[in-house]
Structures are given as structure tokens and as C-alpha cells.
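Reading through the C-alpha cells given below for one structure.
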Amino acid sequence: MTAQAHENIGHSAIEQWVQEVSALTLPDRVVYCDGSEREKDALIAESLASGELIELNQSRLPGCYLHRSAPHDVARTEHLTFISTTRKVDVGPTNNWMAPDEARAKLTPLFAGAMRGRTMYVVPFLMGPPGSRFSKVGIEITDSKYVVLNMRIMTRVGQVALEHLSRTTEDFTRCLHSLGDLSPDRRFIVHFPETNAVWSIGSGYGGNALLGKKCLALRIASWLARQEGWLAEHMLLIGVQNPAGDLRHIAAAFPSACGKTNLAMLQPPASMAGWKVQTIGDDIAWLRPGEDGRLWAVNPEAGFFGVVPGTSQKTNANAFQMIQRNTIFTNVALRPDGTPWWEGHDDPPPPDALDWQGRPWTPASSEKAAHPNSRFTTPAVECPSLSAEFEQPEGVPIDAILFGARRQRRVPLVYQSRTWTHGTFLGATLSSETTAAATGKVGVLRRDPMAMLPFCGYNMGDYFAHWLDVGKGLSAPPKIFRVNWFRTGENGKFLWPGFGDNLRVLKWILERCAGHGEAVDTPIGWIPGLNAIDRAGTNLSDREMSLLLKVDPAEWVEAIAGQEDFLNSFGTHLPAALRDEHTQLAHRIHDAITPADLHGRDSGS
Ligand code: OXD
Ligand code: MN
């Protein structure tokens, strides 16, 4: 880490941009980050001194720290997130749009002098494995030490990024971030895909401030991916090995806080000895067609930014173990012995603690001790189930793509699409109940196509067309499935045990990919037969299994109407093939409706 205003780092475009930004933001000093351990130690020491970090019990949790955010800066703020393109039509109906001139005019005064009295850090970072044709470089300028420390975990910082840049002729993404005054009234996260830049001000929250993640690796990358013929997706990435040693790969899209990290680090149930799940990524996958006609994927990130509440030895032993070292916790509770605690921890609620805002807390308190969207940031290398293929420059070949969401009703545990186009339709019509990962009401059903609603950097109608185009170019495309761990029974309780038992569903999926695995044709797709999913070692009854797999045509009539309105919102940008899929689904459902169903509907039930 060097404190020099106009250091020569051998890249004139970066140096020139740094000079422009420092002339605007007026920091006290400029520091170029090199990713070294020395730099980390200095940043931690300064953050402890300033109160931005609190040291956790170092003998129990070496290298672990707690950060408490501003109380109103705890999640992504989608209403303050914009895509700024010359033409409004290019961002489509699901994004907030701002014209580039307007965005610059609005944000420049907010950045003016914003770093006075602060240090400006210049963070070169690489997204993707070193030496990979998938990888992209960003430079984040920020005035937050917490952001720098997190970027060092989530991305590959320093020389590795500059080297990638000098080896390729590619541009880099200019990521400008300032905490500003942290006021939501002056908070904006604006993406300029046409000029490969992001401006974010007024938030220190991961999804708003670690600009390599949602901003670069999803919103900007999805734009680049469309131009370059690949896909940037909100997907976990795993290898699944069966007891015979056969290794397959699955990419799975789920909305925020719906269990991607748990699935990515799944521990097989005791009754499935010999199975292994190897973690490659838990949030983002970049997928490119390979010369062999298959789809290949990498995780562009270098760490995990996961939801803490609910993480325990029981639910996710790999994640729990992983966060015992070198982890930054944000907004969890603190016990008197200097260890963190949260709702869903294996330990019972502590008799007294400090809550996520540092206020005294006891089990009698009416509020939660940890914020529901409290987070850990941990280097991937700490994950006990990390795959040996994690940094493979060519990525891994994908056998199956899963679209999952949180749905209490209607949607079965798993079903298989008939074709890539039908699978794209399943992704495009995905909907899920909202979670605490974004500000706003929790538990409201909303459309979240491919789990990319908050992250697609362009018109989603064009994005669906791009999915279809990518599929056309694959001679051996992955099979596409829809999954739902969250269906509830009459008592409102989840029917499916979830967590490690989800491997039972993956097993059926991989059997289907291999051309066997029993399945029943239904109007919505291929469903497992009653006994097709391995239930050995569970106490799931036939009745529960049939409720989990039930496809009720009457319930789907309502879904079809909702899908139609949603698809219509894309106007002429909706690919005709998806409209056809919808029409065919409507016909199949209509044909499956019995007079009793109609009677039920007529009587208003
Ligand atoms: C995340 C999110 O943090 O999706 O990964 O919000
Ligand atoms: Mn995510």
C-alpha cells in the first residue's frame, strides 16, 4: 500500500482517471492498493482505531472482526439503483432508468469534495480466475476502508488484476464509490454500461458498495455478455460426485437469501454416504459456450458474502466452519466473550449481549439481536468443501441448470423442462417471495426472472432472446429444471426438509441428465414419479411426497393469467418463442382441467 497522489503504476488510463476523480472528490491522500498482507494489517489497525471494525475474540476466531453499519444502510436499495443508457428502451420495464447526462449532473455535485478529510483508495481487482478468458478487470475507487477490506476477500486485488489488463487489450470497469453522508436521500447506485462505469454514493452495504459483485459481475457483465455471446448469471456453481466417482456440475439461480450458499456448501445426509458436493461459487456464475458445444462456467468471485442468520452446524456445517477464521461479520450481535451470535445459531440466545446496533440485548428484547440481513464475508479458501476446480481457467462443463425460488404454494419440489426454450420460459416466469436482502416488505410474491430482476443490466426481453440465442449455439446444452424447497402443507409448515436432503433432488436431476430417472409427464413439465426421489433415511410419507410433487391444474390457471400480464410488459422485446411456450402451457393446463376444477372455480374458491 503506497500513499502517493500520482503514482506511476504503468497504466496511464488508470492514472488519468485517478487524477480526475481526486480533483473532483478532494481526498486528503490517495492510496494504491496492492493486495499485500502488510496492507491488510494496516487497514485493520486503522479501522480498529476509528471504530469501523471491532475485534472479535482472536483466540476463538482468528482474523475475525465485526462491523456495524449505519442503521439505515443494511440491504440493497433497488429503488435507488439505476441503469443509465442513452435510450430508455435499452433498460426495459424492470430497471430504473436515468439518462447519462442527467445521472452525471445529479451525482457530480454529490461526489464533489465528498472525500475531503478521507483517504481515497484505488483498488485494482480481477473478477474470475487468473489467466482465464472469462475474467474481467475493474478498478474501484472508494473512501471506505471496510469496502477495501471486503474487496480483498471478494475479489483478487492488486498486481494480478493489472497483469491481466496488460495481457489483454480489454478495457476495465471504472467503479467509483464514496460513502458520501450515508443518507438514503443522497444515495444512488448508477451503472453506465455504454461506457463501462459504475458510480455509487451514499451506502457502504455490500451489494451497493462492493462494486465488483452485483454492479460489475452481474449488471455490467450481463451487458458485456450479450455483446460477447455469453451469460452472466445470479447462480451458484457446484460439482456433485456420486459414490462411483462420477463428477457432474450444476449451476442454480435463486433469488437473494433463498439458500444458494446452503446448496453450494451442502453436506450429504448420513444415508447418502459416498456423495460429495464441491463448492465452486455461491452467488454468481459466468457461463460461456465451449468449443465442445457445452456450456462452461466459472465463479468470478474469490469469497462469499453470505446471510448469517440461520447459519449453524446443523443447517450448514461447512459455512459455519468457514466463518471461524478471517471473516468480517456485519451487523451480528456480540456476546460478552467477544464472539458473535445470531438468530439460528447452534448456541441458545445469550443471557446478555449487544445487538447489531451495539445496544444492550437480552432474550426478553422484542427486537432481533442480529439484523435479518446481517452478513459474513469470507475468503473462498476457508471453505472446507471448496472444489479443486475453483480456479480452473476454462471453468467447468455444466450438466444442469436449476431455477429455484421461495414458493409456499403451487410449485412442486422439482420438475424438468422439455427443451432449452421451455427451460428459458421457466426461468423467465420465475417468481419468489421477497426476503430481507433488499429493503422493502418481506414475503411478498414478485416476478424475478432467472433470479436476475435486480441484476440484469439491460432490457429483460432482450435478455430472454439472448438466452435463446446462447442455447441455439450449444450442441449439448445443460438440462433445465425448476426447484422449490419451500412448499408448505396445510399446517403452514415446510413439507420438504431442505438443506442436506436437497441432495436427493440433485440425484434425480443428475439421473435425468444421464438419460434415466423415472419421470411423469405433466402439463408443466416432467415430474419425478412418487418413488423416484431417494427417501431412504427420511421419514417422508407417500402422502407428503405426493403433496410435494402435486401439480394442480386449477391452481395453474391463475398462474397463467399472471404470466401473461408479465410477459406482455416486454412488448415487442418478448421473443415469440416464449410467447409460444406460454400459449402451449395454457393449452395443456386447459386440457387437464376437469369439470370438478371448473365447478370449484365457478363457485369462487
Ligand atoms: C447478495 C444478494 O448479497 O443477492 O448476494 O443480495
Ligand atoms: Mn446474490
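The values are calculated or read from the model by the stated rules, or taken from the named source; none is laboratory data. Note that the coordinates shown come from a computational prediction; the quantities given were computed from them, not determined experimentally. Reconstructed Cβ throughout: ideal geometry from the backbone, glycine too, with neighbour counts over all protein chains shown.
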- Query: Hey, Leu386 hits all of (1) more than 16 Å from ligand 1 (Cβ to nearest atom); (2) among the hydrophobic types (A, V, I, L, M, F, W, C); (3) more than 24 Å from Leu216 (Cα to Cα) but one; which does it fall short on?
  - Reply: (3)
- If the Cβ limit is 9 Å and pairs must be 6+ apart or interchain, which residue in region 124-142 that is surrounded by fewer than 24 Cβ atoms within 10 Å (Cβ to Cβ) and assigned to a loop (DSSP other than H, G, I, E, B) pairs with which residue that is modelled with pLDDT under 95 and among the acidic types (Asp, Glu)? Pro130/Glu163
- Yes/no for Ile189 being within 16 Å of ligand 2 (Cβ to nearest atom) and farther than 19 Å from Met115 by Cβ: no
- Considering only strands (runs of 3 or more DSSP E) fully contained in region 418-510, which possess at least 2 residues that are touching a helix residue (DSSP H, G or I) at 6+ places or on another chain (Cβ under 9 Å), more than 16 Å from ligand 1 (Cβ to nearest atom) and touching a residue at least 40 places away in the same chain (Cβ under 8 Å)? 479-483
- Query: So which residues in region 561-578 are small (Gly, Ala, Ser) and within 17 Å of Tyr463 (Cα to Cα), if there are any at all?
  - Reply: Ser569, Gly571, Ala576, Ala577
- Message: For the structure I just gave you, tell me whether Ala273 is small (Gly, Ala, Ser) and under 29 Å from Gly35 (Cβ atoms).
- Response: no
- Which number in (1) at pLDDT below 95; (2) touching a helix residue (DSSP H, G or I) at 6+ places or on another chain (Cβ under 8 Å); (3) among the hydrophobic types (A, V, I, L, M, F, W, C); (4) under 30 Å from Pro528 (Cα atoms) marks the one condition that Leu402 misses? (1)
- Which residues, taken from region 238-261, are under 21 Å from Ser431 (Cβ atoms) and not basic (Lys, Arg)? Ala251, Ala252, Ala253, Phe254, Pro255, Ser256, Ala257, Cys258, Gly259
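Quick grid of which residues meet (1) over 22 Å from the mean Cα position of the chain (by Cα); (2) within 16 Å of ligand 2 (Cβ to nearest atom); (3) touching a residue at least 24 places away in the same chain (Cβ under 8 Å); (4) surrounded by 19 or more Cβ atoms within 10 Å (Cβ to Cβ):
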position	(1), (2), (3), (4)
Ile280	no, yes, yes, yes
Asp283	no, yes, yes, yes
Phe320	no, no, yes, no
Ile323	no, no, yes, yes
Thr339	yes, no, yes, yes
Asp346	yes, no, yes, no
- Query: Do we have Leu126 as within 21 Å of the chain's Cα centre (by Cα) and within 20 Å of Phe305 (Cβ to Cβ) here?
  - Reply: yes
- Item | Residue among Gly229, Gly212 that is within 14 Å of ligand 2 (Cβ to nearest atom) and among the small types (Gly, Ala, Ser) | Gly212
- Restricting attention to region 545-561, does a residue exist that is surrounded by fewer than 14 Cβ atoms within 10 Å (Cβ to Cβ), modelled with pLDDT under 95 and not acidic (Asp, Glu)? yes
- Would you check if there is a residue in region 284-294 being within 24 Å of Ala75 (Cβ to Cβ) and within 16 Å of ligand 1 (Cβ to nearest atom)? yes
- Note on the structure: Expected output for region 359-371 (first residue under 14 Å from Thr330 (Cα atoms), partner among the β-branched types (Val, Ile, Thr) and at pLDDT below 95, Cβ below 6 Å, 6+ apart or cross-chain) is none
- Item | Among the candidates Phe172, Phe134, residue that is more than 24 Å from Val307 (Cβ to Cβ) and in contact with a helix residue (DSSP H, G or I) (Cβ under 8 Å, 6 or more places away or on another chain) | Phe172
- Query: Does region 519-532 contain any residue that is surrounded by fewer than 16 Cβ atoms within 10 Å (Cβ to Cβ) and more than 15 Å from Tyr415 (Cα to Cα)?
  - Reply: no
- Item | Pick from region 302-314, criterion out of contact with any Lys or Arg (no Cβ under 7 Å at 6 or more places or on another chain) and within 16 Å of ligand 2 (Cβ to nearest atom), ranking: farthest from Ala436 (Cα to Cα) | Gly303
- Message: Suppose we filter Leu149, Leu165, Leu179 for residues that are among the hydrophobic types (A, V, I, L, M, F, W, C) and modelled with pLDDT under 95; which single one remains?
- Response: Leu165
- Task: Please verify whether region 325-345 includes one or more residues that are within 16 Å of ligand 1 (Cβ to nearest atom) and either over 30 Å from Met127 (Cβ atoms) or touching a helix residue (DSSP H, G or I) at 6+ places or on another chain (Cβ under 7 Å) (or both).
- Result: yes
- Query: Does region 104-125 include one or more residues that are modelled with pLDDT of 95 or more and within 30 Å of Gln321 (Cβ to Cβ)?
  - Reply: yes
- Which residues, counting only those in region 263-304, are closer than 18 Å to Pro384 by Cβ, of a type outside the set (Val, Ile, Thr) and part of a strand (DSSP E or B)? Lys276, Gln278, Gly281, Gly303, Phe304
- Message: For region 188-217, give me each residue that is within 16 Å of ligand 1 (Cβ to nearest atom) and part of a loop (DSSP other than H, G, I, E, B).
- Response: Ser203, Gly204, Tyr205, Leu210, Leu211
- Item | Members of region 55-84 found to be of a type in the set (Gly, Ala, Ser) and within 16 Å of ligand 2 (Cβ to nearest atom), listed by number | Ala75
- Note on the structure: Within region 218-237, restricting to residues that are touching a Leu at 6+ places or on another chain (Cβ under 7 Å) and more than 16 Å from ligand 1 (Cβ to nearest atom), the one that is farthest from Tyr146 (Cα to Cα) is Trp230
- Message: Checking Asp246 against (1) farther than 20 Å from Ala302 by Cβ; (2) within 13 Å of ligand 2 (Cβ to nearest atom); (3) not hydrophobic (A, V, I, L, M, F, W, C): exactly one of these is not met. Which one?
- Response: (2)
